[in-house]
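Before any comments, here is the structure.
The values are calculated or read from the model by the stated rules, or taken from the named source; none is laboratory data. The model shown is predicted, which means the values in this text are computed figures rather than measured ones. Cβ placement follows ideal geometry from the backbone for every residue including glycine, while neighbour counts extend to all protein chains displayed.
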Amino acid sequence: MAAAKEKLAVVSEGPVKITKATIEAAWRRRQKNTRLIVRDETCRGLALIVNPGVMTWTYSYRPRGADPVSGKRLPNRTVTLGNPETHNPDLARAAANKIKGAAASGEDPAAERKAKQLAERKRRAVIMGGLVDTYATALPTRPKLRGTGLPSPAHVAEEVAQVRAAMAMMDRASTPIADLDANDVRQMLGKLGDKPATARARFGALSRFFDWCQDEGHIAANPCALLARTRRPKAIAPRAHHLPVDDVVRLWKAAEALSHPVYRDLVRFLLAVPCRRGEAARLDWAHLDLAAAVWTMPGAMTKNGDAHRLHLHPLALDVLRARHDAAGKPRTGLVFPAPKSGEAIDTFSAIKADLDEAAGLTGWRWHDLRRSFATALAEAGVAETVADAVLNHRQSATRGGVLGVYQRSKRWPEQMEAMQRWGVLLASSMADNVVRMRAATA
């Protein structure tokens, strides 16, 4: 066990007029385990404290007023002013007299200084890295800013990942959150100048994190909100690219060359059904009624959280029935499991690279297939609201005024007809291609 720390013996002298010579003499007389206190006669309450290894100036005073509980006068306060290297005797007296004047006016400088020091310690204890961990725990229970309900696990994971990436780019994991400012955010955005989409996503996630910090009282203002609007990332222009039906058919045929039948069938399903790629990857046999030609997606699977129903035309059914037979006609389980892991497929970039090479077609994205569907059907005379319903877009977003509020019909018969027409367009294009190929070889 470590030996107990020895208590210093206290020797008090004065009052004397403390001068430079007094200080030097006191320092020479310092002794081990002894504290020498030299009181100043010129400024009552000012004292030079000489410890074995250091000297300091202190000033003691009694605040005005009484304790509200006991009714007794408040006890003496002592404030450290500095040391002989920072304050000569005259500067020490000036500092003491300033505190004396504040106390005479009813202030309590020692208590105020202590409160400021405590607040500063608390402020510096709240570092950004620790707050992000707390945010990751709090976000799943934080209601959405828009709409109703709570954020999905996927949204929470993406938000926290973006905040951590921003924190790493700013190199501020160990920085008190209150020390971050708009300049840190500006520098981070500067590093993403060639990645506008990433910059906007990261800025948005970081701003929402700072909003939470402000709500929790950790910061006074959101640093992202202090950035001039002209310096914030601009919204990315909506992508307008789509594929003609002939190019969709071209990809359909190229899918035959993919490395595994499950990849081929997944690609063809995405070409036949205008769903999002993640929805297709998570498609479960339990969601399908092949006899009724209906795919019913639960709200947990969709982007907007709304349950959605899709009619399956013959080409889509052919793909699903072939997979169903190959899998042993299961009732549940993934329709398109990854060949090795059996989990949901997430290697879409690699699949697309192989598909591009086989088709000799580049410059498109998976989401372009949904635009291809909507564009082809619009040219075929299908109403935009019907195409939006098939794509599971919120109807109120495409209808204005009273109509957008009160018209909630899903228009299922028209959706079925639209899907049938899409299947016919694909089948017709395939047949035309066969005819053209035969004519070319004749």
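Let's see how each residue does on (1) modelled with pLDDT of 90 or more; (2) among the aliphatic types (A, V, I, L, M); (3) in the same structural domain as Lys116 (by TED's automatic domain parsing):
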site	(1), (2), (3)
Val38	yes, yes, yes
Thr58	yes, no, yes
Ala66	no, yes, yes
Gly82	yes, no, yes
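Selection of the range 297-326 for residues being among the β-branched types (Val, Ile, Thr) and at pLDDT 95 or above yields only Val319.
Let's see how each residue does on (1) crowded, with 20+ Cβ neighbours inside 10 Å; (2) closer than 16 Å to Met128 by Cα; (3) within 15 Å of the chain's Cα centre (by Cα):
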{"site": "Ala157", "(1), (2), (3)": "no, no, yes"}
{"site": "Lys195", "(1), (2), (3)": "no, no, no"}
{"site": "Arg200", "(1), (2), (3)": "no, no, yes"}
{"site": "Asp215", "(1), (2), (3)": "no, yes, no"}
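Number of residues in the range 23-77 that are among the hydroxyl-bearing types (Ser, Thr, Tyr) and either touching a residue at least 60 places away in the same chain (Cβ under 8 Å) or touching a Gly at 6+ places or on another chain (Cβ under 9 Å) (or both): the value is 5. Pairs, please: C-beta under 7 Å, at least 6 apart or cross-chain, first residue of a type in the set (A, V, I, L, M) and in the range 202-219, second buried (at least 18 other Cβ atoms within 10 Å of the Cβ) and outside any helix (DSSP H, G or I)? Partner pairs satisfying both residue conditions: Leu206/Cys224.
Being without any contact (Cβ under 8 Å) to a residue 60 or more places away in the chain and more than 23 Å from Lys17 (Cβ to Cβ) is the requirement here; does Glu85 meet it?
no
Given the criteria in contact (Cβ under 8 Å) with a residue 24 or more places away in the chain and part of a helix (DSSP H, G or I), does Ala166 qualify? Yes: the conditions hold for Ala166. The set of residues in the range 168-193 being surrounded by 18 or more Cβ atoms within 10 Å (Cβ to Cβ) and over 20 Å from Arg231 (Cβ atoms) consists of Pro176, Ile177. Checking each residue of the range 229-241 against the condition of being outside any loop (DSSP other than H, G, I, E, B) and out of contact with any helix residue (DSSP H, G or I) (no Cβ under 8 Å at 6 or more places or on another chain) gives at least one match. Set side by side, the residues Gly400, Gly381 differ, and just one is within 36 Å of the chain's Cα centre (by Cα) and either at pLDDT 95 or above or in the same structural domain as Arg309 (by TED's automatic domain parsing) (or both), which is Gly400. Taken over the range 189-215, residues that are in a loop (DSSP other than H, G, I, E, B), under 18 Å from Glu159 (Cα atoms) and among the acidic types (Asp, Glu) amount to 0.
When the range 284-306 is filtered for residues that are closer than 18 Å to His155 by Cβ and among the aliphatic types (A, V, I, L, M), the ones remaining, listed by number, are Met297, Ala300, Met301.
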